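Chemist: Below you will find the structure I want to go over with you.
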Amino acid sequence: MDTPDRQDLEHRAGLPEALRVLLRDYPRDIWESHRNFDALTRFWLQRHMMFRDLLTKVQAETEAFLDRRAEAPAYGGRSARLTGFLLNELHGHHQIEDIQYFPVLSGLERRLAPGFELLDRDHHALDGHLHALAEDTNATLQAIASGDGGAARDAAGPLHRRLERFAGFLDRHLIDEEELVIPVILHHAPRF
């Protein structure tokens, strides 16, 4: 029986110690007051917070629908907009990181190159989760469009479970990414 890779997104409890070397020198509580914390870095962290907030809203909307506190058409419209925006923005954000930011940051701090490879693997794992989230959302929206409230709630149950699992994976990735990237930025002050 294969043992799970403790560094993959589904099993990781945090960054491995070897990748936390700069985090010890640049802990989270000093980030915003550091002289190398710039507007781009603030914007990048705000994007991460936006992803978390959007996901929380989609979860709350789905719970309200499942608990019969929201009507199907209204829930469907809000869910489609919020989930579509979340999926598109996450995909674009990951592309920019993979193409632009990670290669530059990895080149500046070679000893953390395995961390950027880890984050790249996370992005590939998250792609699968994003695809599954889109499928579950579409199944729920199709059931809503059919006019069968029971079928719509039946479809929203698996979507809700998917959202809960995805929230854990996404948060783990975002925290680890922040704890790897921000210390490198503070230490090297790259200009993008």
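Chemist: Looking only at region 115-172, count every residue that is out of contact with any Leu (no Cβ under 9 Å at 6 or more places or on another chain) and among the hydroxyl-bearing types (Ser, Thr, Tyr) and tell me the total.
Modeler: So the answer is 1.
Chemist: Please indicate, with yes or no, whether at least one residue in region 37-57 is under 16 Å from PHE166 (Cα atoms), modelled with pLDDT of 95 or more, part of a helix (DSSP H, G or I) and of a type in the set (Asp, Glu).
Modeler: Yes, region 37-57 contains a residue that is under 16 Å from PHE166 (Cα atoms), modelled with pLDDT of 95 or more, part of a helix (DSSP H, G or I) and of a type in the set (Asp, Glu).
Chemist: Here's a follow-up. If LEU9 passes every condition in (1) modelled with pLDDT of 95 or more; (2) surrounded by 16 or more Cβ atoms within 10 Å (Cβ to Cβ) but one, which one does it miss?
Modeler: (1)
Chemist: For the structure I just gave you, tell me whether ARG110 is surrounded by fewer than 21 Cβ atoms within 10 Å (Cβ to Cβ), closer than 20 Å to ILE182 by Cα and modelled with pLDDT of 95 or more.
Modeler: yes
Chemist: Going by the conditions given, is ASP122 crowded, with 18+ Cβ neighbours inside 10 Å, within 28 Å of ALA80 (Cα to Cα), in contact with a Pro (Cβ under 6 Å, 6 or more places away or on another chain) and modelled with pLDDT of 95 or more?
Modeler: No; evaluated as a whole, the condition is false for this residue.
Chemist: Do we find a residue being in a helix (DSSP H, G or I) and under 13 Å from the mean Cα position of the chain (by Cα) anywhere in region 99-118?
Modeler: No, that holds for no residue.
Quick grid of which residues meet (1) touching a helix residue (DSSP H, G or I) at 6+ places or on another chain (Cβ under 8 Å); (2) of a type outside the set (Asp, Glu); (3) outside any helix (DSSP H, G or I); (4) over 20 Å from ALA145 (Cα atoms):
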{"position": "PHE65", "(1), (2), (3), (4)": "yes, yes, no, no"}
{"position": "ALA70", "(1), (2), (3), (4)": "yes, yes, yes, no"}
{"position": "ARG78", "(1), (2), (3), (4)": "yes, yes, no, no"}
{"position": "ARG81", "(1), (2), (3), (4)": "no, yes, no, no"}
{"position": "LEU86", "(1), (2), (3), (4)": "yes, yes, no, yes"}
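Chemist: Looking at region 56-73, can you tell me whether even one residue there is crowded, with 18+ Cβ neighbours inside 10 Å and without any contact (Cβ under 8 Å) to a residue 60 or more places away in the chain?
Modeler: For region 56-73, residues crowded, with 18+ Cβ neighbours inside 10 Å and without any contact (Cβ under 8 Å) to a residue 60 or more places away in the chain: present.
Chemist: Can you tell me which residue among GLU164, GLU135 is among the acidic types (Asp, Glu) and within 14 Å of the chain's Cα centre (by Cα)?
Modeler: GLU164
Chemist: Name the residue, out of ARG165, ARG121, ARG161, that is of a type in the set (Lys, Arg) and under 26 Å from ALA18 (Cα atoms).
Modeler: Values: ARG165 fails: under 26 Å from ALA18 (Cα atoms); ARG161 fails: under 26 Å from ALA18 (Cα atoms).
Residue meeting the stated conditions: ARG121.
Chemist: Does any residue in region 142-163 that is under 18 Å from LEU82 (Cα atoms) and modelled with pLDDT under 95 come within less than 8 Å, Cβ to Cβ, of a residue that is in a helix (DSSP H, G or I) and of a type in the set (Val, Ile, Thr) six or more places away or on a different chain, and which pairs are these?
Modeler: Sorted first by the residue in region 142-163, then by its partner, the list stays empty.
Chemist: Scan region 140-148 and give yes if some residue there is of a type in the set (D, E, K, R), farther than 24 Å from ASN36 by Cα and not in a helix (DSSP H, G or I), otherwise no.
Modeler: Scanning region 140-148 turns up at least one residue that is of a type in the set (D, E, K, R), farther than 24 Å from ASN36 by Cα and not in a helix (DSSP H, G or I).
The values are calculated or read from the model by the stated rules, or taken from the named source; none is laboratory data. Quick caveat, the model's predicted, so the values are computed rather than measured. Counting neighbours? That spans all protein chains shown, and the Cβs are built from the backbone with ideal geometry, glycine included.
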